[in-house]
Amino acid sequence: MNSKAYNLFLKDFRSELRTRYAINALAMFIIVAISVILFSIGNEKINENLTAGLFWVVIFFTAMSGLSRAFVSEEERGTTLTLQLIASPTTVFSGKLIFNVILVFAMNAIIALLYGALFEDFIIKNFLLFLATFILGNIGLAVSSTIIAAIIAKAGAKGTLYPVLSFPILLPLILTCVQLTLFSFDGTSFEKSRFELAIIVSYDVIMITVSYLLFDFIWKE
Amino acid sequence: MIWKIFLFLLLAFVSVAGIAFPIVEKPSAWYEFPFIPGLEENAKIIFFHVPTAWVTVVAFLMSTIFSFRYLKNKNLDDDLKSYAAAQLGIIFCILATVTGAVWAKFAWGAFWSWDPRQTSIFALLLIYGAWFALRSSIESEEKRATLSSVYSIIAFVTVPFFIFVMPRIMTGLHPGSADDTNAGPVVNFKMNSNMLLIFFLSLIGFTILYLWMWKVGYKSLIYKEKIQKQFLRG
C-alpha cells in the first residue's frame with residue numbers, strides 16, 4: 001500500500017513538473033499577496049502582533065489558491081474512475097496528502113523567508129518553537145485542505161467554495177499558530193507554550209484520523 | 001395537543017417571569033431575583049439568550065448525528081432530518097448572536113469585542129453558512145447528502161477546540177469566564193434558587209419548542225418532496 005501511495009505521489013509530482021501549474025500559480029500568488037500587504041503598510045511600522053497575524057493570513061490564502069488542484073485536476077481530466085479501479089481510497093488519499101504536504105512545506109518556507117527579509121518585526125527569538133509551530137501547523141493545514149479539496153472536487157462549484165468551507169475548519173489551527181508565532185517572536189520557552197503545542201498536535205491527529213475515516217465516502221460518491 | 005398547551009403555558013410563564021420579576025438587593029419573596037454586581041438588570045438576558053445558544057448547539061449535534069446515520073445506512077430520510085435540524089440551528093444561531101450583541105452593547109459598551117464565546121458562535125455561524133453553501137452547489141440528492149454529511153462531521157470535530165482554545169487565546173468578558181472577577185460563575189452560586197429554576201424551565205421550554213419546530217420542518221420537507229415528485233410526473 002505504501003509503495004502504491006508513493007507511486008501515486010510520484011505521478012502527481014511528475015505531471016506537476018511537466019505543467020508547473022500549481023507551482024507557478026502559488027509562487028505568483030505569494031508575491032502578489034505579500035506586495036499588496038507591503039504597499040498597504042507603506043512606511044508605517046507595524047507591531048509583532050500584526051506581523052504574526054499577516055504571516056498566517058498569507059499562508060491561509062496561498063493554500064486556498066493552490067491546494068484544491070490535487071483532486072480537482074483528477075476530476076477535470078476525467079481520471080477519477082481509473083484511480084478508483086487501480087487503488088484503494090486510503091492509498092489515493094495518502095498519495096495526495098504526501099503531495100500536498102510537500103507543496104505546503106515548500107510554499108510556507110518561501111513565505112517565511114520572504115517575511116524574514118521584508119518585515120522588520122519578523123525576528124524570531126525562539127527558533128525551535130517557531131520550527132515546531134511551522135511543521136505542525138503545515139501538517140494540519142495540508143490535511144484539512146486535502147480533505148476539503150476532495151469534497152470540493154465532487155461538488156459542482158470548484159473555486160469559490162473552497163475557502164468558504166475550509167475557513168471554519170482551519171480557524172482553531174490558525175488562531176493557535178498565530179499565538180505560537182507570537183510566542184516565538186517574544187522568545188517564550190517551550191515550557192510555557194506547551195498547552196498551545198498540545199492543541200496543534202491533537203488537531204493534527206484528529207484531522208488525520210477523521211480524514212482517513214471519511215475519505216472512503218467522498219471517493220466512492 | 002396537551003403538550004402543546006403545556007409548552008405554551010411554560011414559555012408564557014418564562015417570558016413573563018423573566019421580564020417582569022424584579023431584581024432586588026436581598027431577595028425574600030419567591031418572585032424576587034438577586035442583585036448580581038456587574039450585571040444588574042442586564043442579568044435577565046440569561047432566560048432568553050442562553051437557551052437560544054443552547055438550542056443552536058443541540059441542533060448542530062442533531063444534524064451531525066443524523067449525518068452520521070446517513071453515512072451508515074444511506075437512508076435519504078436521515079439527510080432530510082439533518083437538514084431540518086440545521087435550518088433551525090442557523091435561525092437560533094443568528095438569534096443568539098444578535099441578542100448577545102445587543103446585550104453586549106449595554107453591558108460591555110460595544111456590539112462586538114471578540115470574546116471567546118462570541119468567536120465560537122461566529123465560527124458556528126460560518127460552519128452553518130458553509131454547510132448550506134455546499135448543499136446548494138450540488139444537484140444530485142445522494143451526492144449532496146453524502147458530501148454534506150461528511151462536511152458536518154469534519155466541522156463537528158473542530159468544536160472542542162473552540163471550547164478549549166478560545167478562552168486561552170482571548171481574554172473573556174462573558175459572565176462565567178475563567179478570569180471574570182466581578183460577575184463570576186453566574187450559574188454556580190450567584191443565582192438564587194428561583195432564578196435557577198426559571199432558567200432551567202426556560203432551557204426545557206426552548207428545547208421542547210425546538211424539537212416541535214424540527215418535527216414540523218421535517219414533515220414540511222417531506223411534503224415538499226412529494227409535491228415536487230407529483231408535479232414532475234405531471
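The values are calculated or read from the model by the stated rules, or taken from the named source; none is laboratory data. Please read all numbers here as calculations on a predicted model, not as lab measurements. Neighbour counts are summed over all protein chains in view; Cβ atoms, including those assigned to glycine, are modelled from backbone coordinates with ideal geometry. In case anyone asks, the SASA skips ligands and DNA or RNA and just uses the protein heavy atoms, side chains included. Shrake-Rupley method; radii C 1.70, N 1.55, O 1.52, S 1.80 Å.
General observations
- Filter result for B:D79 (under 26 Å from A:A150 (Cβ atoms) and open to solvent by less than 30 Å² (accessible area, probe 1.4 Å)): yes
- Count of segment A:191-215 residues which are at the interface with chain B (Cβ under 10 Å from one of its Cβ atoms) and not in a helix (DSSP H, G or I): 0
- Residues considered: A:P172, A:P168. Of these, the only one that is within 14 Å of another protein chain (Cβ to nearest Cβ) and touching a Leu at 6+ places or on another chain (Cβ under 9 Å) is A:P168.
- Failed item in (1) within 14 Å of chain A (Cβ to nearest Cβ); (2) free of Cβ contacts under 8 Å to residues at least 60 places away in the same chain, with B:K105 passing the rest: (1)
- Criterion (in contact with a helix residue (DSSP H, G or I) (Cβ under 9 Å, 6 or more places away or on another chain) and within 14 Å of another protein chain (Cβ to nearest Cβ)) met by exactly one of A:A150, A:A132: A:A150
- A:F93 being open to solvent by less than 10 Å² (accessible area, probe 1.4 Å), aromatic (F, W, Y) and over 30 Å from A:S193 (Cβ atoms): yes
- Screening A:I139 on (1) touching an Asp or Glu at 6+ places or on another chain (Cβ under 8 Å); (2) more than 9 Å from every other protein chain (Cβ to nearest Cβ); (3) open to solvent by less than 10 Å² (accessible area, probe 1.4 Å) shows it passes everything except condition (3).
- Every condition in (1) open to solvent by 20 Å² or more (accessible area, probe 1.4 Å); (2) part of a helix (DSSP H, G or I); (3) closer than 26 Å to B:Y128 by Cβ is met by A:G159 except one, and the failing one is (2).
- Residues in segment B:1-51 that are open to solvent by 80 Å² or more (accessible area, probe 1.4 Å), of a type in the set (G, A, S) and closer than 11 Å to B:S202 by Cβ: there are none.
- A count restricted to segment B:137-155 and to residues that are more than 8 Å from chain A (Cβ to nearest Cβ) and either crowded, with 24+ Cβ neighbours inside 10 Å or modelled with pLDDT of 90 or more (or both) stands at 4.
- Subset of segment B:52-70 that is aliphatic (A, V, I, L, M) and open to solvent by less than 50 Å² (accessible area, probe 1.4 Å) - its residue that is farthest from B:F92 (Cα to Cα): B:M62
- Summed over segment B:108-136, the residues that are within 13 Å of another protein chain (Cβ to nearest Cβ), within 25 Å of A:P172 (Cα to Cα), open to solvent by 10 Å² or more (accessible area, probe 1.4 Å) and among the small types (G, A, S) give a count of 3.
- Every condition in (1) surrounded by fewer than 22 Cβ atoms within 10 Å (Cβ to Cβ); (2) within 30 Å of A:E191 (Cβ to Cβ) is met by A:L173 except one, and the failing one is (1).
- Any hit, segment B:161-179, residues being modelled with pLDDT under 65, among the β-branched types (V, I, T) and assigned to a loop (DSSP other than H, G, I, E, B): yes
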